[in-house]
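The values are calculated or read from the model by the stated rules, or taken from the named source; none is laboratory data. Here the structure is a predicted model, which means the values were calculated and not measured. Every residue, glycine among them, receives a Cβ derived from its backbone with ideal geometry; neighbour counts consider all protein chains shown.
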Amino acid sequence: MYKGIYIALSGSVLKQGQLDVLSNNIANANTVGFKKERSSFREFLVSGISGAPESDDGRAMTDLSEVKTDFGAGNQFATGNSLDVAIDGKGFLSLEGGRYTRKGDLRVGKDGFLVTQAGRRVLGSDGPIQLPPGKADILPTGEVRVDGTTIGTLRVVDFEDSGALAELSDGEYATAQPPVPSAAAVAPGHLEASNVEVVKEMVQMISTLREFEMYQKAIKAFDDAAARVNGEMAKV
């Protein structure tokens with residue numbers, strides 16, 4: 001009976017984790033360059049934690065094993081800002097500190113360097129890009145110009161295994177694996193929207209919430225049954 005509670009509890013915890021992931025996706029549906037996440041789970045036999053001999057009675061618990069980022073491209077939209085760039089293809093903008101991003105709403109910092117909205121310097125092929133006074137724009141090749149003079153070229157890279165990228169704050173990612181050159185172009189005057197499809201996320205959230213409620217009812221049923229058993233035994 002108590003094993004039944006543990007099984008239902010593991011399912012409830014799993015669904016709570018899935019709800020947290022879905023809620024975060026929906027909350028960032030309008031965040032530039034945001035990539036949705038997906039949760040996966042694993043099963044293991046109750047005997048694995050109870051020490052009892054393995055059996056084929058189907059009693060298994062579940063656990064949220066990992067949360068993966070879906071790097072599928074989001075739609076691009078025009079902004080008219082000459083320093084906004086969307087990456088057209090697989091790749092990331094290189095930032096100082098070994099960080100990478102697809103969030104291309106760039107600006108010129110107080111010290112003249114090209115930076116993200118969070119203030120992190122954007123790297124070019126020769127290091128951070130510092131812009132002199134003048135009208136700045138970016139070409140589809142990634143060249144950064146001021147008054148028609150090329151100052152640097154955006155360093156766009158990719159990775160053999162994008163699944164190894166760890167998500168940080170402000171749409172940035174980090175990884176221990178070395179970057180490789182990317183063939184992706186950039187779309188000046190555009191930004192990449194989130195790849196979250198709100199309707200699909202809402203449908204999945206409703207389904208997950210119903211499953212969570214079912215596990216909660218199962219836990220209560222097991223608890224009520226245990227209370228009745230204990231009550232009857234007390235009368236003996």
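Points to keep in mind about this one:
- For residue 77: the one exception among (1) surrounded by fewer than 16 Cβ atoms within 10 Å (Cβ to Cβ); (2) assigned to a loop (DSSP other than H, G, I, E, B): (2)
- For the range 181-188, the criterion of a residue being part of a strand (DSSP E or B), assigned by TED's automatic domain parsing to the domain that holds residue 117, of a type outside the set (Phe, Trp, Tyr) and within 19 Å of the chain's Cα centre (by Cα) is satisfied by no position.
- The range 206-222: number of residues that are surrounded by 17 or more Cβ atoms within 10 Å (Cβ to Cβ) and either of a type in the set (Ser, Thr, Tyr) or in contact with a Pro (Cβ under 9 Å, 6 or more places away or on another chain) (or both): 2
Residues checked against (1) assigned to a strand (DSSP E or B); (2) in contact with a Leu (Cβ under 6 Å, 6 or more places away or on another chain):
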site	(1), (2)
110	no, no
118	no, no
122	yes, yes
133	no, no
137	yes, no
145	yes, no
176	no, no
194	no, no
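Per-residue answers, yes or no, for (1) in contact with a Pro (Cβ under 6 Å, 6 or more places away or on another chain); (2) free of Cβ contacts under 8 Å to residues at least 24 places away in the same chain; (3) surrounded by 12 or more Cβ atoms within 10 Å (Cβ to Cβ):
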{"residue": "133", "(1), (2), (3)": "no, yes, no"}
{"residue": "145", "(1), (2), (3)": "no, yes, yes"}
{"residue": "168", "(1), (2), (3)": "no, no, yes"}
{"residue": "180", "(1), (2), (3)": "no, yes, no"}
{"residue": "183", "(1), (2), (3)": "no, no, no"}
{"residue": "189", "(1), (2), (3)": "no, no, yes"}
{"residue": "204", "(1), (2), (3)": "no, no, yes"}
